[in-house]
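Note sheet for the following structure.
The values are calculated or read from the model by the stated rules, or taken from the named source; none is laboratory data. These numbers were taken from a predicted model, which means no experiment stands behind them. Glycine gets a Cβ as well: all are built from the backbone with ideal geometry, and neighbour counts include every protein chain shown. When the accessible area is computed, the model is the full protein with side chains, heavy atoms only, and any ligands, DNA or RNA have been set aside. Shrake-Rupley method; radii C 1.70, N 1.55, O 1.52, S 1.80 Å.
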Amino acid sequence: MLTVNDLCKRYSSGVWKKSYTQAVAHVSFHIEKGKVLGIVGESGSGKSTIAQCITRLVEPSSGEIIFRGEEITRMKAGKLNKYRRNMQMIFQDPDSALDPKMTISESLEEALKLNQCHYSAEERKRKTDELIALVGLNAEHKNRYPHQLSGGQNQRVVLARALSFDPELLIADEPTASLDVSVQAQILTLLKTIQREKELTMLLISHDMEIVRRVCDEVIVMYRGEAVEKGRVESVFGNPQHVYTRLLLDCNEENVKKWIDYKKEKGKRGNKNEE
Ligand SMILES: Nc1ncnc2c1ncn2[C@@H]1O[C@H](COP(=O)(O)OP(=O)(O)O)[C@@H](O)[C@H]1O
Ligand SMILES: [Mg+2]
């Protein structure tokens, strides 16, 4: 379904004196249809940049992205739009993803108007009701505005909008990071249920190993732009090979910080080959 080969992204900054950030370095992976791949790593490790390269929101510096057998890295804008519909993204903050001036049903009907233009007004209304029920909202939420709903409810609306495109690939970038812990669990269960029912292929980005363990089939562990470990969730969690994965699993932020300081110190001494 989706293959990423040797993806690199370098951001340049500075006007007078150019400096570069290697956000993603030589990352490769493959997701099969109907499977969920997790990308996990601390903040700044390059997770969102990978998602943005796949959707071509940012241009990769090098590498290949093959979606349903077609190389999309150099695809022209017109054709790319068709592909983008097939890959929908949801983000951390649902409030900024929704138009505050539109009720929930207006927002969903608008999405359907854009991407299912063959629907009559009647069909759009019916489909809107179906989507609202699918994401676990009730008819009473239909005529509310985003500020009249909770963060979790708004994230359900964002998910409904994404699903209105009938995508094959869903990319969820920290979809529950802005929500309360109890709501997080509900949204994750919903995502997993819908993913199974619709046989969606999913890329789930998170800094939280527990979320990845619950939802994903396979996982990539990112550290400073590199994929330091990848494999099936059972084997990576059961028998982590890389010291950074073990630290993330310990869930002990203090340890992670110590390790990062240690790496920095070692980098200064120019001893980069040792793990
Ligand atoms: N538009 C940008 N311009 C310059 N640097 C960026 C940009 N976006 C991200 N970066 C840098 O790239 C690195 C990876 O960022 P990101 O992919 O957002 O990480 P994550 O999602 O894992 O937190 C970070 O060092 C970040 O500062
Ligand atoms: Mg991010």
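Just checking, does the range 131-142 include any residue being in contact (Cβ under 8 Å) with a residue 40 or more places away in the chain and outside any helix (DSSP H, G or I)? Yes: the range 131-142 contains one or more residues that are in contact (Cβ under 8 Å) with a residue 40 or more places away in the chain and outside any helix (DSSP H, G or I).
Results for (1) within 16 Å of ligand 1 (Cβ to nearest atom); (2) touching a strand residue (DSSP E or B) at 6+ places or on another chain (Cβ under 7 Å), shown as yes or no for each residue.
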position	(1), (2)
19	yes, yes
35	no, yes
47	yes, yes
80	no, no
87	no, yes
109	no, no
122	no, no
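Candidates are the residues of the range 65-77 that are open to solvent by less than 40 Å² (accessible area, probe 1.4 Å) and more than 16 Å from ligand 1 (Cβ to nearest atom); the one that is farthest from residue 222 (Cα to Cα) is 75. Look at (1) under 20 Å from the mean Cα position of the chain (by Cα); (2) of a type in the set (A, V, I, L, M); (3) under 27 Å from residue 83 (Cα atoms) and you find that residue 134 fails only one, number (1). Could you give every pair whose Cβ atoms fall below 7 Å, whose first residue belongs to the range 78-94 and is without any contact (Cβ under 8 Å) to a residue 12 or more places away in the chain, and whose second residue is among the acidic types (Asp, Glu), counting only separations of at least 6 or pairs across chains? Hits for this filter: zero, empty list.
Among residues of the range 26-64 being surrounded by 17 or more Cβ atoms within 10 Å (Cβ to Cβ) and in contact with a Cys (Cβ under 6 Å, 6 or more places away or on another chain), the one that is nearest to residue 220 (Cα to Cα) is 38. Checking each residue in the range 196-237 for being away from ligand 2 (no atom under 16 Å from the Cβ), under 21 Å from residue 93 (Cα atoms) and in a strand (DSSP E or B) picks out only 202. Take the conditions (1) within 16 Å of ligand 2 (Cβ to nearest atom); (2) in contact with a Lys or Arg (Cβ under 6 Å, 6 or more places away or on another chain); (3) in a loop (DSSP other than H, G, I, E, B); residue 49 misses just one of them, which is (3). I'd like to know if the range 177-195 contains one or more residues that are at pLDDT below 95, over 30 Å from residue 40 (Cβ atoms), open to solvent by 40 Å² or more (accessible area, probe 1.4 Å) and in a loop (DSSP other than H, G, I, E, B). Looking through the range 177-195, none of the residues is at pLDDT below 95, over 30 Å from residue 40 (Cβ atoms), open to solvent by 40 Å² or more (accessible area, probe 1.4 Å) and in a loop (DSSP other than H, G, I, E, B). The residue list 127, 101, 113 contains one member that is in contact (Cβ under 8 Å) with a residue 24 or more places away in the chain and open to solvent by 50 Å² or more (accessible area, probe 1.4 Å), which is 101.
Residue by residue, here is whether (1) at pLDDT below 95; (2) β-branched (Val, Ile, Thr); (3) open to solvent by 50 Å² or more (accessible area, probe 1.4 Å); (4) touching a Gly at 6+ places or on another chain (Cβ under 8 Å) holds:
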{"residue": "79", "(1), (2), (3), (4)": "yes, no, yes, no"}
{"residue": "82", "(1), (2), (3), (4)": "yes, no, yes, no"}
{"residue": "87", "(1), (2), (3), (4)": "yes, no, no, no"}
{"residue": "95", "(1), (2), (3), (4)": "yes, no, yes, yes"}
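I'm trying to understand the selection: among the residues of the range 130-167, which are over 16 Å from residue 95 (Cβ atoms), in contact with a strand residue (DSSP E or B) (Cβ under 7 Å, 6 or more places away or on another chain) and crowded, with 21+ Cβ neighbours inside 10 Å? Answer for the range 130-167, where residues must be over 16 Å from residue 95 (Cβ atoms), in contact with a strand residue (DSSP E or B) (Cβ under 7 Å, 6 or more places away or on another chain) and crowded, with 21+ Cβ neighbours inside 10 Å: there is none. Would you call residue 24 within 14 Å of ligand 2 (Cβ to nearest atom) and in a strand (DSSP E or B)? Considered against the rule, which asks whether it is within 14 Å of ligand 2 (Cβ to nearest atom) and in a strand (DSSP E or B), residue 24 comes out as yes. Screening 65, 39 for residues that are in a strand (DSSP E or B) and more than 16 Å from ligand 2 (Cβ to nearest atom) leaves exactly one candidate, 65. Determine whether the range 79-94 contains at least one residue that is part of a helix (DSSP H, G or I), closer than 23 Å to residue 195 by Cβ, within 16 Å of ligand 2 (Cβ to nearest atom) and touching a helix residue (DSSP H, G or I) at 6+ places or on another chain (Cβ under 6 Å). Among the residues of the range 79-94, at least one is part of a helix (DSSP H, G or I), closer than 23 Å to residue 195 by Cβ, within 16 Å of ligand 2 (Cβ to nearest atom) and touching a helix residue (DSSP H, G or I) at 6+ places or on another chain (Cβ under 6 Å), which makes the answer yes.
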